[in-house]
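Following: one structure in structure tokens, then a few remarks.
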Amino acid sequence: MSEEADLTARLDRIAAALERLAPPPPALPDFEAAGAFVWQASNLSFQPVPHVNRVPRTLLKGIDGSARQLLDNTRRFAEGLPANNALLWGARGMGKSSLVKAIHAEVEASLADRASAAGLKLVEIHREDIATLPACLGALRASPHRFIVFCDDLSFDRDDTSYKSLKAVLDGGIEGRPPNVLFYATSNRRHLMPRDMVDNERSTAINPSEAVEEKVSLSDRFGLWLGFHNCSQDDYLAMVSGYAEHFGLPITREELVREALEWSVTRGGRSGRVAWQFTQDLAGRLGKTLPL
């Protein structure tokens with residue numbers, strides 16, 4: 001064998017070895033099989049979710065303004081019109097993730113009657129898998145469907161630098177976000193980072209303003225900011241009453257109010273999550289199931 005042929009054979013073996021070491025491309029599922037999927041970072045695949053854990057939007061009380069804005073944004077996106085990435089931030093337990101799931105169901109149902117419309121799919125990516133978001137978006141880019149990629153409870157700690165890659169993916173990389181994908185995230189933090197982390201950068205950096213800009217610019221990638229705040233007693237009771245009426249729980253208004261307020265005292269606060277937990281407890285005591 002000539003020296004040139006031997007070199008070619010060696011290069012072929014090296015190329016074959018590198019191909020074996022390279023991760024396989026993301027496995028594309030049948031997106032017609034379900035309306036929602038979970039991104040599996042371990043094997044770069046999409047796991048269908050046959051039944052999404054969600055409640056109807058009409059049962060989410062005290063967040064009407066945010067619900068209207070998110071619904072309008074999602075409808076425009078589903079119709080192929082310009083729309084924004086959305087950050088739902090604020091008080092815990094006030095229905096941020098529930099609203100995303102409810103809005104998806106409502107818009108998806110409205111598209112079902114339109115044969116010409118592409119489907120709207122919900123893809124959940126876990127916070128710890130954000131580093132694989134580029135691979136996820138790359139797999140969705142070629143699909144005829146439209147996707148809402150959803151990350152619940154998104155936030156970054158002091159030593160976490162993965163937010164930099166997220167910034168590029170959302171708005172700033174060469175390829176940019178695929179036109180058939182929107183990114184929705186929920187967080188208790190408006191800037192997705194602890195307040196003391198931003199303050200520390202301001203106090204210790206050589207150029208404080210530049211350091212702070214680096215930290216908070218991630219949230220600027222979200223064109224739609226929706227704030228969620230602690231609910232009043234009236235909102236809390238409206239949530240409880242709405243659940244009781246929707247599920248047909250046999251209890252008088254007076255008893256419902258009294259027990260719901262007692263429950264909120266034991267929990268030390270009022271929120272949509274507290275209202276739902278009270279409803280589950282009440283239904284169990286009354287021997288009723290809560291079909292969703």
Phi angles of segment 72-87, converted by Karplus (6.51 cos²θ - 1.76 cosθ + 1.60, θ = phi - 60°) into ³J(HN,Hα) in whole Hz with x for Gly and Pro, give 4, 4, 5, 5, 4, 4, 5, 8, x, 9, x, 8, 10, 4, 10, 10
Between D64 and R92, what is the label-to-label distance in nm when each label sits 7 Å out along the Cα-to-Cβ direction?
2.9
Using a simple spin-label model with points 7 Å from Cα along the Cα→Cβ vector, what separation in nm is obtained for E255 and R285?
0.9
³J(HN,Hα) across segment 89-103 via Karplus (A = 6.51, B = -1.76, C = 1.60, θ = phi - 60°), whole Hz, x for Gly/Pro?
10, x, 4, 6, x, 9, x, 5, 5, 4, 5, 4, 5, 5, 5
List, in order, the whole-Hz ³J(HN,Hα) value for each residue of segment 128-133 obtained from phi through the Karplus relation with A = 6.51, B = -1.76, C = 1.60 and θ = phi - 60°; use x for Gly and Pro.
6, 9, 4, 4, 9, 4
Net charge (Lys, Arg +1; Asp, Glu -1) of residues whose beta-carbon lies under 13 Å from that of S264, S264 excluded, is -1
Which lysines have a Cα less than 28 Å from the Cα of K167, not counting those fewer than 8 places away in the same chain?
K96, K101, K121, K215
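Where a number appears in this text, it was derived from the coordinates with a stated rule and is not lab data. Owing to the predicted nature of the structure, the values given are computational and were not obtained by experimental measurement. Every residue, glycine as well, gets a Cβ built from its backbone with ideal geometry; the counts of neighbours run over all protein chains shown.
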